[in-house]
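Written out below as structure tokens is the structure these notes cover.
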Amino acid sequence: MTTATTIIRCPNCGHKNRVPVAARGRPRCGNCHKSLPWIVNALDDSFAEIAEAADPPVIVDMWATWCAPCRMVSPVLEQLATERAGDVKLVKVDVDQAPRLSSRYSVQAVPTLMVMHHGKVISRQAGAAPVEVLRRWFDDAMAKDARDETAAGSGADKERGS
């Protein structure tokens, strides 16, 4: 288990908070107790614990330092993570530093964005987009995930004869 932490400045009161990169729950400011935007980096060895085991849904940003569109979409994703503080975790993966993850998720272009929930990819897209498009993409992925979970639950109920 990783004990790594990151410092997140509260957008509400400006207080600096030390937040674990991998933990249960959702981070809150130690000063004003508002939800914090949870933005962390992950590599091959830490991704499972940081992203796949996360409680909130995760937006994964597969990016590269040399990629201009990656540098353009990064502040957009941070804005979305700040708007949705407490509801989403943003995990940034430098593909050059995480070749096994790039291969595992068949990353052919950067940026490649994925929404993960309960450890599985529920949506993905390649390329940068404005915040309105990414907001809608995330919301659509979460709505589809909720429908899929409801359908899976009702299927289990039918199997039990409920």
### Message
Can you say whether ASP61 is modelled with pLDDT of 95 or more, among the acidic types (Asp, Glu) and over 9 Å from the mean Cα position of the chain (by Cα), as far as the supplied structure shows?
### Response
no
### Test: VAL110 is touching a Pro at 6+ places or on another chain (Cβ under 8 Å), hydrophobic (A, V, I, L, M, F, W, C), over 20 Å from ASP55 (Cα atoms) and modelled with pLDDT of 95 or more
yes
### Message
Residue pairs, Cβ under 6 Å, 6 or more apart or interchain, first in the stretch 79-104 and over 22 Å from ALA129 (Cβ atoms), second surrounded by 16 or more Cβ atoms within 10 Å (Cβ to Cβ). List them.
### Response
GLY86/ARG26; GLY86/SER35; ASP96/ALA64
### Query
Taking interchain pairs and intrachain pairs at least six residues apart, which have beta carbon atoms under 8 angstrom, with the first residue in the stretch 55-66 and charged (D, E, K, R) and the second part of a loop (DSSP other than H, G, I, E, B) and modelled with pLDDT under 95?
ASP55/ARG24; ASP55/GLY25; ASP55/ARG26
### Message
It is to be established whether one or more residues within the stretch 33-51 are open to solvent by 10 Å² or more (accessible area, probe 1.4 Å), more than 22 Å from PRO111 (Cα to Cα) and assigned to a strand (DSSP E or B).
### Response
yes
### Query
Does GLN79 fit the bill of being part of a loop (DSSP other than H, G, I, E, B), open to solvent by 40 Å² or more (accessible area, probe 1.4 Å) and either within 26 Å of ARG147 (Cα to Cα) or modelled with pLDDT of 95 or more (or both)?
no
## Note on the structure
Picked from the stretch 113-162 (must be in contact with a His (Cβ under 9 Å, 6 or more places away or on another chain) and open to solvent by less than 30 Å² (accessible area, probe 1.4 Å)), the residue modelled with the lowest pLDDT is ASP145
### Query
Residues of the stretch 83-112 being within 22 Å of TRP38 (Cβ to Cβ) and open to solvent by 60 Å² or more (accessible area, probe 1.4 Å), which ones?
GLU83, ASP87, GLN97
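The values are calculated or read from the model by the stated rules, or taken from the named source; none is laboratory data. Worth saying up front: this structure is predicted, and the values here are computed from it rather than measured. Quick reminder, even Gly has a Cβ in these numbers, built from the backbone with ideal geometry, and neighbours come from all protein chains shown. For the accessible areas, the whole protein counts, side chains as well, though only heavy atoms, and no ligand, DNA or RNA atoms are used. Shrake-Rupley method; radii C 1.70, N 1.55, O 1.52, S 1.80 Å.
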